[in-house]
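Following: one structure in structure tokens, then a few remarks.
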Amino acid sequence: GGLVSVTFVFGSIAAYLLSGMIPGLADLSPAVRVAASLLAGAILVARSPSSAIAVVKELRAHGPFTKTVLGVTVIMDVVVIIAFAGAAAVAEAMVSSDTFDLGFLWLLVGELAASLAIGILLGHALGWIVGRRIPWRIKSAVLLFLGYGVFFISHEMGHLSLQFMPWEFYIEPLFTCMVAGFIVTNRTKYRNDFAQLLHDTGPPVFVVFFTLTGASLALDVLAQTWMLALVLFAVRLVAIFLGSSGGMALSGAPA
């Protein structure tokens, strides 16, 4: 709670104060700049479980502090997805001048509930597939197909909802897949088999992902914004310290 609230507030305020220096935002209306700042604040809340796990393994760390760090870091992934979905919905309402009312909040709750329900169904389906005696390559292909299917359904449902309803009903694909993984790991007996399947399937996915990530890195844009990045880095660092300290004090954890 401390990390989310402090980082989101500090990050959003810093992003808004810097928005006048950001290319593409400086000339836009205050409402649009606030909307962009809310999205930036939600992004700055994000943590990296893979980095935390790498440090823990490198140092062979163990104990209550390590368990707390890992638990908080993993839970933050769920929180960030929900927070970003909420911030994106609020930002869209601000930019399009829609009124922010209870109906809007219920729509957001409905989207998250639908994502949760689909994730639970997908998790049980994955558990059933992992438990079958079929070659791992077929399991891997089915896993990738179902993962892609989540994004396809999300896109199509959003497109169809705009055609037949006055608003877009969006299924959050990352949250859906996260719930599915949680179900397989904690509600079936195939945790280790599923982890091995993900380990075997991961490398080709990572190759494509990091290739696209490298292709999207524009050095000319970085040259224009590196000072802004350093300021946001410093603000985020202070926010993490204050949020962690506040959460520690409220929870009664030893200093």
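Please work out how much length the chain gains when fully extended from Leu105 to Thr211, using 0.36 nm per residue of separation minus the C-alpha to C-alpha distance, in nm with one decimal. All intermediate terms of the calculation are to be shown ahead of the outcome.
Numbers: separation 106, 0.36 × 106 = 38.16 nm, distance 3.74 nm.
Working it through step by step, the gained length comes to 34.4 nm.
Who wins for biggest fluctuation among Asp220, Asp200, Asp77 in a Gaussian network model of the chain, springs between alpha carbons below 10 Å?
Of the options given, Asp220 has the highest mean-square fluctuation.
I'd like the Karplus ³J(HN,Hα) series for the range 164-171: coefficients 6.51, -1.76, 1.60, θ = phi - 60°, whole numbers in Hz, and an x wherever there's a Gly or Pro.
10, 10, x, 9, 8, 9, 10, 8
Averaging the inverse of every distinct alpha carbon separation and then flipping it gives the Kirkwood radius. What is it for the range 122-255, in angstrom units?
Values: mean 1/r = 0.0526 Å⁻¹.
Evaluated over the range 122-255, this radius sits at 19.0 Å.
Expressed as a whole percent, how much of the Cα-Cα distance distribution for the chain exceeds 32 Å? If you can, show how the numbers build up before the last one.
On the way: 10992 of 32385 pairs.
Value for the chain (Cα pairs over 32 Å): 34 percent.
Quick check: Cα centre of the range 226-255 to Cα centre of the range 119-194, how many Å?
Cα centroid to Cα centroid, the span is 34 Å.
Stokes-Einstein diffusion coefficient for the range 12-120 at 37 °C in a medium of 0.692 mPa s, Rh from the Kirkwood formula over Cα pairs: what value in µm²/s?
Values: Rh = 16.3 Å.
It diffuses with D of about 202 µm²/s by this estimate.
Could you tally the net charge around Ile53, taking each other residue with its Cβ under 15 Å from the Cβ of Ile53, Lys/Arg +1 and Asp/Glu -1? Show your work: numbers first, answer last.
Values: positive: Arg47, Lys57, Arg60, Lys67; negative: Glu58, Asp77.
Here the count lands on +2.
Give me the Debye-computed log₁₀ of I(q)/I(0) at q = 0.25 Å⁻¹ for the range 202-251, equal point scatterers on Cα only, no solvent, two decimals.
Debye intensities relative to I(0), on a log10 scale: -0.85.
Spelling out what I want: for every residue of the range 32-37, take phi, set θ = phi - 60°, compute 6.51 cos²θ - 1.76 cosθ + 1.60 (Karplus), and round to whole Hz; glycine and proline get x.
5, 5, 5, 4, 5, 5
What's the extension gain from Ser245 to Arg60 if we count 0.36 nm per residue and subtract their Cα-Cα distance?
Values: separation 185, 0.36 × 185 = 66.60 nm, distance 2.45 nm.
Separation in residues times 0.36 nm, less the Cα-Cα distance, equals 64.1 nm.
Measure off 7 Å from each Cα along the Cα-to-Cβ vector at His155 and Ile138, then give the distance between these two points in nanometres to one decimal.
2.8
Pick from Pro30, Pro173, Pro64: which is most flexible by mean-square fluctuation in a GNM of the chain where alpha carbon atoms under 10 Å apart are linked?
Pro64
Can you list the residues, at least 5 places off or on another chain, whose amide H is less than 5 Å from the amide H of Ile171, using H built in the peptide plane?
Gly158
Read phi for every residue in the range 49-66 and hand back ³J(HN,Hα) as whole Hz from Karplus 6.51 cos²θ - 1.76 cosθ + 1.60, θ = phi - 60°, with x for Gly and Pro.
Couplings: x, 5, 5, 4, 5, 4, 5, 4, 5, 4, 8, 6, 7, 7, x, x, 5, 4 Hz.
If we sort 11-19, 55-63, 110-118 on the protection proxy, mean other Cβ atoms within 10 Å, highest first, what's the order? Let's see the in-between values first.
On the way: 11-19: 19.6, 55-63: 10.1, 110-118: 17.1.
The packing order, highest mean first, is 11-19, 110-118, 55-63.
Computed from the coordinates by the stated procedures, all read-outs in this text should not be read as laboratory data. The structure displayed is predicted, hence computed values, not measured ones. FYI the Cβ positions are ideal-geometry reconstructions off the backbone, even for glycines, and counts take in every protein chain you see.
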